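Notes follow the structure.
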Amino acid sequence: YCFCKKEAQPDNEESPGIAEQKRDPCRFLTQEQVTARFAEGLIPVIRQRIPNQGSTTFVDHVYGEITVENTQLDDQVLLKSDGFPTYNFANVVDDHLMEITHVIRGQEYLSSTPKYNLLYQAFGWQIPEYVHLPLILREDGAKLSKRAGDPSFEDLVQMGFLPEAIVNYVALLGWNPGDEREIFTMEELIEAFDIERINKSSAAFSLEKLTWLNGEHIRRLDPQKFHELALKYYPEGVRHLDLEKISRLIQIRIERFTEIPTMVKFLYELPDYDAALFENPKSKSTLQSSREILQEVIPLLESMQEWTNESLFTALKDFAAAHGYKIGTAMWPIRTALSGQFASPGGATELADLLGKDETLRRLKIGLAKLQP
RNA sequence: GCCCCCAUGGUCUAGUGGUUAGGACACAGCCCUUUCAAGGCUAUAACUCGAGUUCGAGUCUCGAUGGGGGCACCA
């Protein structure tokens, strides 16, 4: 029993209260003294008496042998004055009752594990095996915590990450398979994972690398599966188009599902772009070449019977060859006029196929108009 | 303040006494290419410091420094 007053919360700065509280002043109260205090109407807590000497040692599967001097341990409260057990006490009892054999938890519990063990010993219970895991830090080195606004697993899913990619990434934080593989399916991870290869130092969480890994997982997705997952990200404006075709085009280009809406926006809303976009040194495109090409290509496309990616590509390739253009030079103004963007998911003919003949011709004419002197 | 843990490029890591210190992300360049991605190639970049032990230390020992965590009638 301990009848001491509740200690005031330790001050933020120096907190001498901690050191002084190690040993409970009430630990040697006699039966009479206890009875007397009850008679005064005092309400006690129950503390565990920790030996004043010796040390407590245990072996962790990751960190090896850990020893803490008993003098470092508080006479910890087991039952609070309201009669409820403390977390630590309840935890030990609960784990024992549930016949827990292995405790796997964060490294922050490493130095308090001895006091759990002392409790197990006091009850004569079997001490479980311990596996303490290195902590995950933020990139600035601070501890990752939801209170500080760091994302949870669910948040990451919300942000467009695949659960298996998140698990894959986190597994790599403090563990490696011993070879140079990094990308794992759940099954492969289960197969390869081994507690023995967990390392001891904490790791910084890199959203950048998770993003890359997520992209790898997305690309490896079965196209049909990808399409199903992508479906809910497609905005209303794009739903009249062939969504499966769009899915095939964007699967290899996105790293997060949340990129989809902005990536496909141009399909239903042609951006207001500048004619300068038609100039591109890499494809040897100039304003003039672009104008000439659009002028000739529009009637050519108007006469097309079969409107598919393949037929369009063949026709345009022949067109380029006939006029002495590089394919890139011929395609650039078309792609640009169709997307209104410097970059797009899919090339000229893929976009034409997707948009359909009418919309393609409409956009090409808009582009040509921008190029008229 | 006391105690515990950790320490290889900016980040994640391989490495268990002898290596040109390997890989990945990011960055830069090149190739490929109907744009962008993806893919391929190349480049830049690391053993925290100081003493030992040893013929020889990233690797073993000790110390320092740095970082993280824990020290509640909270869970």
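The values are calculated or read from the model by the stated rules, or taken from the named source; none is laboratory data. What you see is a predicted model, and the numbers here were worked out from it, not measured in a lab. Cβ: placed from backbone, ideal geometry, glycine included. Neighbour counts: every protein chain shown. With ligands, DNA and RNA removed, areas are computed over all heavy atoms of the protein, side chains included. Shrake-Rupley method; radii C 1.70, N 1.55, O 1.52, S 1.80 Å.
What nm value, rounded to one decimal, do you get for the distance between A:Trp212 and A:Arg248 when each label is placed 7 Å out toward the C-beta?
Placing both labels 7 Å along Cα→Cβ, they lie 3.0 nm apart.
Within segment A:82-230, what whole-number % of the accessible surface is contributed by carbon and sulfur, with the 1.4 Å probe and all protein chains included in the calculation?
Using a 1.4 Å probe with all protein chains present, segment A:82-230 comes out at 53 percent carbon and sulfur.
Listed highest first by mean packing, meaning other Cβ atoms within 10 Å per residue, what order do A:113-124, A:301-312 come in?
Ranking, from highest mean packing down: A:113-124, A:301-312.
Could you work out the relative contact order of segment A:198-258? I mean the mean sequence separation of Cα pairs under 8 Å and 6+ apart, divided by the number of residues, in percent.
Result for segment A:198-258 is 50 percent.
Once the Cα atoms of helix A:113-123 and of chain A are each reduced to a long axis, what angle between those two axes, in degrees from 0 to 90 to the nearest 10, is obtained?
For helix A:113-123, the angle is close to 50 degrees.
Could you give the length gained on full extension between A:Asn91 and A:Ala192, defined as 0.36 nm per residue of separation minus the Cα-Cα distance, in nm?
Contour length minus Cα-Cα distance gives 33.2 nm.
Please give the length that would be gained between A:Phe123 and A:Gln305 if that part of the chain were fully extended, namely 0.36 nm times their separation in residues minus their C-alpha to C-alpha distance (nm, one decimal).
That works out to 56.9 nm of additional length.
Using a 1.4 angstrom probe, figure out how much accessible area chain A has per residue, in square angstrom, rounded to the nearest whole.
Roughly 57 Å² per residue, with all protein chains present.
Treating the angle as unsigned and between 0 and 90°, give the value, to the nearest 10°, between the Cα long axis of helix A:309-323 and the longest Cα principal axis of chain A.
The angle comes out near 50 degrees.
For A:His61, put the label point 7 Å out on the Cα→Cβ axis and report which residues of segment A:131-145 keep their amide N under 16 Å from it.
Taking a point 7 Å out along Cα→Cβ of A:His61, the residues of segment A:131-145 whose backbone N falls under 16 Å are A:131-134.
To the nearest 10 degrees, how steeply does helix A:357-371 sit against the main Cα axis of chain A, on a 0 to 90 scale?
80 degrees
Using the Cα centre of chain A as the reference point, and only Cβ charges (+1 on K/R, -1 on D/E), how large is the resulting charge dipole? Debye, rounded to the nearest 20.
The calculated dipole for chain A is roughly 780 debye.
Using alpha-carbon pairs under 8 Å, 6+ residues apart, how would you state the relative contact order of chain A in percent?
This gives 11 percent for chain A.
Tally Lys/Arg at +1 and Asp/Glu at -1 over every other residue whose Cβ is under 11 Å from the Cβ of A:Ala122; what's the total?
Around A:Ala122, the surrounding residues sum to +2.
When 1/r is averaged over all different Cα pairs and the result inverted, which Kirkwood radius in Å belongs to chain A?
27.0 Å
At 222 nm, what helix-only mean residue ellipticity would chain A give, in deg cm²/dmol to the nearest 500, using -39500 (n - 2.57) for each DSSP H run of four or more?
So the calculated ellipticity at 222 nm is -12500 deg cm²/dmol.
To the nearest 20 debye, what charge dipole does segment A:119-181 have about its Cα centre, counting +1 at the Cβ of each Lys and Arg and -1 at the Cβ of each Asp and Glu?
260 debye
Between their Cα atoms, which of A:Lys245/A:Lys284; A:Lys245/A:Lys370; A:Lys282/A:Lys317; A:Lys143/A:Lys200; A:Lys317/A:Lys357; A:Lys225/A:Lys245 are more than 21 Å away from each other?
A:Lys245/A:Lys284; A:Lys245/A:Lys370
Tell me which of A:Val157, A:Pro134, A:His61 sits at the most positive position along the dipole axis of chain A, charges placed on C-beta atoms (Lys, Arg +1; Asp, Glu -1).
Most positive-ward Cα: A:Val157.
Distance in nm between label sites at A:Asp179 and A:Ala148, each 7 Å beyond Cα in the beta-carbon direction?
The answer from the label model is 3.7 nm.
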